[in-house]
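The values are calculated or read from the model by the stated rules, or taken from the named source; none is laboratory data. Just so it is clear, the structure is predicted and the values come from calculations on it, not from any experiment. FYI the Cβ positions are ideal-geometry reconstructions off the backbone, even for glycines, and counts take in every protein chain you see.
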Amino acid sequence: MRPAIEPGDWLLVDPRVRNWPAKGSVVVFHEPDTDELAIKRVTAGPRERVSFAEGYLVLGDDEAWLTADADSAATAELGFGQPRDSRNYGPVPIELLVGRAWFRYAPLGRFGRLRRR
Amino acid sequence: MSRLTRWLSPSTVVRAHCDLPCGIYDPEQARIEAESCYKIIEKYQANSDSTYRTRAIAIKEERAELVKHHLDVLWHDYFKPEHLEKVPKLHEMFWNATKQVSKVKASTDLADAKKLLDQIDEIDAAWKATGGAEKTRVVKQPA
């Protein structure tokens, strides 16, 4: 999730779910294929259209499209492959969302609110 | 860690997952599973016992799923856009092969399994043309 979030950042997560997932916000959720807790940005919400496999798909009423901020060049620099996100496992059901990450309280040099995109 | 730091430190860790490719790729993995499908169909046809046949179908289903997995890994992780210059029909090859896996899942016709093997061999040729074992395998100790 670089550059928005760096490894080791300490974040506050708002578990209230009303009026979200707002597009552009960063969310914590259970990955659909592994059930592990992960963090990505909401790039499309329910009923929105997203590009997929040289076409597009329309999200359902209870689905969000979550993607990494980092592109493959940034992850390759760290020795990783492609980011794993909705482009791999598809739309994420809203029931798998845990909360919205909204504030970073450490490290102090990066203290502050997480910006929406 | 001070008591305050301990108190402030997060109780939950979340991850921003990326793939961590080992860089080892070989269409042989897919071929071995596809050969299993081929042999299972042969055995299915040679045996009339219903329990045996049911098991054979279930095992073929599992093996076929593994073929699909190995082909997907090659397609998504090994092949890169620049390889399209050497293998312009790359996407079509994978599209046809993975579709053929679905056909093999539903079929007990040996010809379907043979066609899949041929398609994997085409992918193998593409893998070799773009680097093959030299780039994606660890050298074996000479016998």
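Would you call A:ASP35 among the acidic types (Asp, Glu), under 17 Å from A:LEU96 (Cβ atoms) and over 8 Å from the mean Cα position of the chain (by Cα)?
Numbers: among the acidic types (Asp, Glu): yes; under 17 Å from A:LEU96 (Cβ atoms): yes; over 8 Å from the mean Cα position of the chain (by Cα): yes.
Criteria met by A:ASP35.
Can you tell me how many residues within region A:63-88 are surrounded by 15 or more Cβ atoms within 10 Å (Cβ to Cβ) and either modelled with pLDDT of 85 or more or touching a strand residue (DSSP E or B) at 6+ places or on another chain (Cβ under 8 Å) (or both)?
Summing the residues that are surrounded by 15 or more Cβ atoms within 10 Å (Cβ to Cβ) and either modelled with pLDDT of 85 or more or touching a strand residue (DSSP E or B) at 6+ places or on another chain (Cβ under 8 Å) (or both) in region A:63-88 gives 17.
The rows are residues; the columns are (1) more than 20 Å from the chain's Cα centre (by Cα); (2) within 14 Å of chain A (Cβ to nearest Cβ); (3) assigned to a helix (DSSP H, G or I); (4) closer than 26 Å to B:ALA126 by Cα.
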{"site": "B:THR5", "(1), (2), (3), (4)": "yes, yes, yes, no"}
{"site": "B:ILE41", "(1), (2), (3), (4)": "no, no, yes, no"}
{"site": "B:ARG55", "(1), (2), (3), (4)": "yes, no, yes, no"}
{"site": "B:VAL73", "(1), (2), (3), (4)": "no, yes, yes, yes"}
{"site": "B:ASN96", "(1), (2), (3), (4)": "no, no, yes, yes"}
{"site": "B:VAL101", "(1), (2), (3), (4)": "no, no, yes, yes"}
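Those residues that are buried (at least 19 other Cβ atoms within 10 Å of the Cβ) and either farther than 17 Å from B:ARG15 by Cα or touching a helix residue (DSSP H, G or I) at 6+ places or on another chain (Cβ under 7 Å) (or both), I need them from region A:15-30; list them, please.
Matches in region A:15-30: A:PRO21, A:PHE29.
Inside region A:87-117, can you point out the residues that are without any contact (Cβ under 8 Å) to a residue 40 or more places away in the chain, touching a Lys or Arg at 6+ places or on another chain (Cβ under 8 Å) and within 14 Å of chain B (Cβ to nearest Cβ)?
Residue satisfying the conditions is A:PHE111 alone.
Criterion first (assigned to a helix (DSSP H, G or I), surrounded by fewer than 16 Cβ atoms within 10 Å (Cβ to Cβ), among the small types (Gly, Ala, Ser) and more than 14 Å from chain A (Cβ to nearest Cβ)) does B:ALA111 satisfy it? Lay out the reasoning, then the answer.
Working: assigned to a helix (DSSP H, G or I): yes; surrounded by fewer than 16 Cβ atoms within 10 Å (Cβ to Cβ): yes; among the small types (Gly, Ala, Ser): yes; more than 14 Å from chain A (Cβ to nearest Cβ): yes.
Yes: the conditions hold for B:ALA111.
In region B:100-141, which residues are free of Cβ contacts under 8 Å to residues at least 24 places away in the same chain and of a type in the set (Lys, Arg)?
Listed by number, the residues that qualify are B:LYS103, B:LYS115, B:LYS128, B:LYS135, B:LYS140.
In region B:58-82, which residues are aliphatic (A, V, I, L, M) and in contact (Cβ under 8 Å) with a residue 24 or more places away in the chain?
Narrowing region B:58-82 to residues aliphatic (A, V, I, L, M): B:58-59, B:64, B:66-67, B:71, B:73-74.
Result: B:ALA64, B:LEU66, B:VAL67, B:LEU71, B:VAL73, B:LEU74.
Look at A:LEU12 and say whether it is out of contact with any Asp or Glu (no Cβ under 9 Å at 6 or more places or on another chain) and surrounded by 13 or more Cβ atoms within 10 Å (Cβ to Cβ). It would help to see each step written out before you state the result.
On the way: out of contact with any Asp or Glu (no Cβ under 9 Å at 6 or more places or on another chain): yes; surrounded by 13 or more Cβ atoms within 10 Å (Cβ to Cβ): yes.
For A:LEU12, the condition - out of contact with any Asp or Glu (no Cβ under 9 Å at 6 or more places or on another chain) and surrounded by 13 or more Cβ atoms within 10 Å (Cβ to Cβ) - is met.
What single numbered condition from (1) in contact with a Lys or Arg (Cβ under 6 Å, 6 or more places away or on another chain); (2) modelled with pLDDT under 95 fails to hold for B:GLU33?
With (1) in contact with a Lys or Arg (Cβ under 6 Å, 6 or more places away or on another chain); (2) modelled with pLDDT under 95 applied to B:GLU33, the lone miss is (2).
Could you list, in sequence order, the residues of region A:31-58 that are charged (D, E, K, R), surrounded by 12 or more Cβ atoms within 10 Å (Cβ to Cβ) and without any contact (Cβ under 8 Å) to a residue 12 or more places away in the chain?
Here is the first cut: in region A:31-58, the ones charged (D, E, K, R) are A:31, A:33, A:35-36, A:40-41, A:47-49, A:54.
With the extra rule that they be surrounded by 12 or more Cβ atoms within 10 Å (Cβ to Cβ), the set shrinks to A:31, A:36, A:40-41, A:48.
Passing the criteria: only A:GLU36.
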